[in-house]
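Have a look at the structure below before the remarks.
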Amino acid sequence: MSFFGTGNRSINSTTLGVVSNPTTATLVAEIDLNDTMAHVHVNGEPYQVTWVVGVQTTAAIFQLEQALSTGPGSTAIRDQTVVMVSSGQSAQFVTKHTAQPGDRFRIRVNSSFTGGVAGKIIAEPLV
């Protein structure tokens with residue numbers, strides 16, 4: 001007989017597939033902890049977040065963000081990691097965060113451009 005411990009259940013982003021001609025206000029992918037039924041303690045909960053981003057024909061700079069809201073304003077950002085991905089490539093990044101009630105993890109592009117991008121976020125509570 002064997003046993004497989006599944007651990008904590010991960011939360012997957014709402015992903016739009018390939019996003020054409022993104023602007024800085026475009027959400028490529030997002031996890032809204034309000035909508036996931038995730039219980040986040042008032043003092044915060046540790047999360048490991050895996051980010052997967054890709055670009056079709058033009059190199060892109062992505063902003064991987066922990067934010068207070070969906071709005072793109074800089075005052076809403078708790079934490080931001082900026083990464084670069086070469087043309088025709090995808091990349092995976094893993095970060096750790098202390099999520100607060102109402103937080104969101106989201107992917108945006110650093111500047112508007114013509115081309116296609118895609119992204120996925122997988123968040124796993126570490127408690």
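Criterion applied to Val53, Val49, Val83, Val117 was being among the aliphatic types (A, V, I, L, M), at pLDDT 95 or above and surrounded by fewer than 18 Cβ atoms within 10 Å (Cβ to Cβ), and the one residue passing it is Val83. Of note, Thr95 does not satisfy the criterion of being part of a loop (DSSP other than H, G, I, E, B), polar (S, T, N, Q) and surrounded by fewer than 19 Cβ atoms within 10 Å (Cβ to Cβ). The sole residue among Gly54, Gly71 that is part of a loop (DSSP other than H, G, I, E, B) and either closer than 19 Å to Asn110 by Cα or in contact with an Asp or Glu (Cβ under 9 Å, 6 or more places away or on another chain) (or both) is Gly71. Applying a threshold of 6 Å to beta carbon distances and a minimum spacing of six or more residues, or different chains, the list of pairs starting in region 108-127 at a residue that is within 18 Å of Glu65 (Cβ to Cβ) and in contact (Cβ under 8 Å) with a residue 60 or more places away in the chain and ending at one that is polar (S, T, N, Q) and part of a strand (DSSP E or B) reads Arg108/Gln63; Asn110/Gln63; Lys120/Thr15; Ile122/Asn12; Ile122/Thr50; Glu124/Gln48.
Residues in region 42-63 that are touching a residue at least 40 places away in the same chain (Cβ under 8 Å) and under 14 Å from Ala99 (Cβ atoms): Val42, Gly44, Glu45, Pro46, Tyr47, Gln48, Val49.
Among the residues of region 33-44, is any under 12 Å from Phe105 (Cα atoms), out of contact with any Cys (no Cβ under 6 Å at 6 or more places or on another chain), among the aliphatic types (A, V, I, L, M) and at pLDDT below 90? Yes, the conditions are met somewhere in region 33-44.
The values are calculated or read from the model by the stated rules, or taken from the named source; none is laboratory data. All of these numbers come straight from a predicted model, not from anything done at the bench. Neighbour counts are summed over all protein chains in view; Cβ atoms, including those assigned to glycine, are modelled from backbone coordinates with ideal geometry.
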